[in-house]
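S.K.: Okay, handing you the structure first.
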Amino acid sequence: MKKALFLYALAITALLLCTLRHYRSENRRLEQNQTALTSDLHHYRTRLGEEAASAQALRLRCAEFERLRDADAERIRALGIRLRRLEAASKHVTRTEVTLRAPLGDSLLQPAAPTQDPLRRTPHEALLPDSLRRFRWSDPWVTVEGILGRDSVACRIESRDTLRQIVHRIPRRFLFIRWGTKALRQEIISSNPHTRIVYSEYIRIER
């Protein structure tokens with residue numbers, strides 16, 4: 001009888017310890033999420049001079065992700081992926097801004113030869129410019145080119161960028177001792193110097 005009571009007490013103690021550990025882990029997760037939601041995106045330059053941003057990761061359960069990020073959940077389903085198979089999801093917003101000066105030059109495009117007699121020109125021929133003006137500017141990341149007409153401009157803009165994402169663990173610290181995980185952070189690096197990262201979010205799905 002005493003042995004059975006001892007085993008019962010031992011099982012209850014183990015269950016209470018597991019429950020306490022679970023609640024402590026949940027409290028830490030919720031605290032980290034509160035910090036992530038209230039902290040701003042931190043911008044800095046890498047040692048290579050590249051634009052970078054740092055943000056703390058969110059740790060959500062599948063049901064929380066579906067409730068709090070319903071639009072993202074719909075897009076994931078549209079890909080044919082079940083949410084319960086999701087490991088992580090990230091979203092980044094960038095803005096590219098370029099200030100430039102480019103010389104103007106005559107293009108090689110010439111209008112069809114109009115009727116010789118100015119009085120007998122059609123209305124379309126009378127509106128044709130003698131020539132169009134072309135401009136072009138480029139660097140390794142952005143190309144801008146276009147043609148200026150009499151009352152309009154045709155323009156093509158091409159921007160090239162590479163975004164690199166690094167997710168890393170921040171350990172807990174006490175004096176010189178480091179252990180466990182205090183938070184997850186992500187670093188986003190843009191290779192385009194004209195680009196600024198204006199929003200970044202990384203969500204890891206907890207089981």
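Every number here is computed from the coordinates shown, using simple stated rules; none is lab data. It should be emphasised that the depicted structure is a prediction, and the values quoted were computed from it without experimental measurement. Cβ sites come from the backbone with ideal geometry, for glycine too, and all protein chains shown count toward neighbours.
S.K.: Enter the angle in degrees (range 0 to 90, nearest 10) between the Cα long axis of helix 2-38 and the first principal axis of the Cα atoms of the chain, meaning the one along which they spread out most.
M.R.: 20
S.K.: Pulled fully out, how much extra length does the chain show between V153 and H42, if you take 0.36 nm times their separation in residues and subtract their Cα-Cα distance?
M.R.: On the way: separation 111, 0.36 × 111 = 39.96 nm, distance 3.86 nm.
Additional length available on full extension: 36.1 nm.
S.K.: Here's a follow-up. For the stretch 136-198, which chymotrypsin sites (Phe, Trp or Tyr not before Pro) are both in a DSSP coil and crowded by at most 16 other Cβ atoms within 10 Å? Kindly include the intermediate steps, with their values, before the conclusion.
M.R.: Details: sites: W137, W141, F174, F176, W179; in loops: W141, F176.
Loop-located and lightly packed - F176.
S.K.: Is the stretch 28-69 rounded, prolate or oblate when judged by the Cα gyration tensor, a ≥ b ≥ c being the square roots of its eigenvalues, rounded requiring a/c under 1.5 and prolate requiring a/b larger than b/c?
M.R.: Verdict is prolate for the stretch 28-69.
S.K.: Let me ask another. I'd like the projected area of the stretch 147-193, averaged over all directions, using the convex hull of its alpha carbons. Report it in nm² with one decimal. Could the numbers behind the result be given before it?
M.R.: Numbers: hull surface 23.8 nm².
The number I arrive at for the stretch 147-193 is 6.0 nm².
S.K.: Which ³J(HN,Hα) values in Hz, rounded to whole numbers, follow from the phi angles of the stretch 51-57 under the Karplus curve 6.51 cos²θ - 1.76 cosθ + 1.60, where θ = phi - 60° and Gly and Pro get x?
M.R.: 5, 9, 9, 10, 8, 7, 7
S.K.: How much length is gained on full extension from E50 to E87, taking 0.36 nm per residue of separation minus their Cα-Cα distance? Provide the component values of the computation, followed by the final result.
M.R.: Working: separation 37, 0.36 × 37 = 13.32 nm, distance 2.87 nm.
Separation in residues times 0.36 nm, less the Cα-Cα distance, equals 10.5 nm.
S.K.: Compute the distribution of all C-alpha to C-alpha distances in the chain, in bins of 10 Å from 0, and list the percent of pairs in each, rounded to whole numbers.
M.R.: Reading upward from the zero bin: 7, 19, 20, 16, 13, 10, 7, 4, 2, 1, 1, 0, 0.
S.K.: Could I ask something else about it? Report the antiparallel proportion of the DSSP beta bridges in the chain as a percent, rounded to a multiple of 5.
M.R.: Working: 46 of 50 bridges.
Among the beta bridges of the chain, antiparallel pairing accounts for roughly 90 percent.
S.K.: While we're looking at this one, here's another question. Pulled fully out, how much extra length does the chain show between T96 and L5, if you take 0.36 nm times their separation in residues and subtract their Cα-Cα distance?
M.R.: On the way: separation 91, 0.36 × 91 = 32.76 nm, distance 7.00 nm.
Result: 25.8 nm gained on full extension.
S.K.: Let me ask something else about it. Say the dipole of the stretch 1-100 comes from +1 at the beta carbon of Lys and Arg and -1 at that of Asp and Glu; which of T19, S39, S54 then lies farthest toward its positive end?
M.R.: It is T19.
S.K.: Amide H to amide H under 5 Å from A88: which residues, 5+ apart in sequence or cross-chain, H placed 1.01 Å off N in plane?
M.R.: I205
S.K.: Here's something else I'd like to know. For R21 and E74, what is the calculated FRET efficiency with R₀ set at 35 Å and r taken between the beta-carbons, to the nearest 0.05? Provide the component values of the computation, followed by the final result.
M.R.: Details: r = 35 Å, r/R0 = 1.01.
That pair, R21 with E74, gives E of 0.50.
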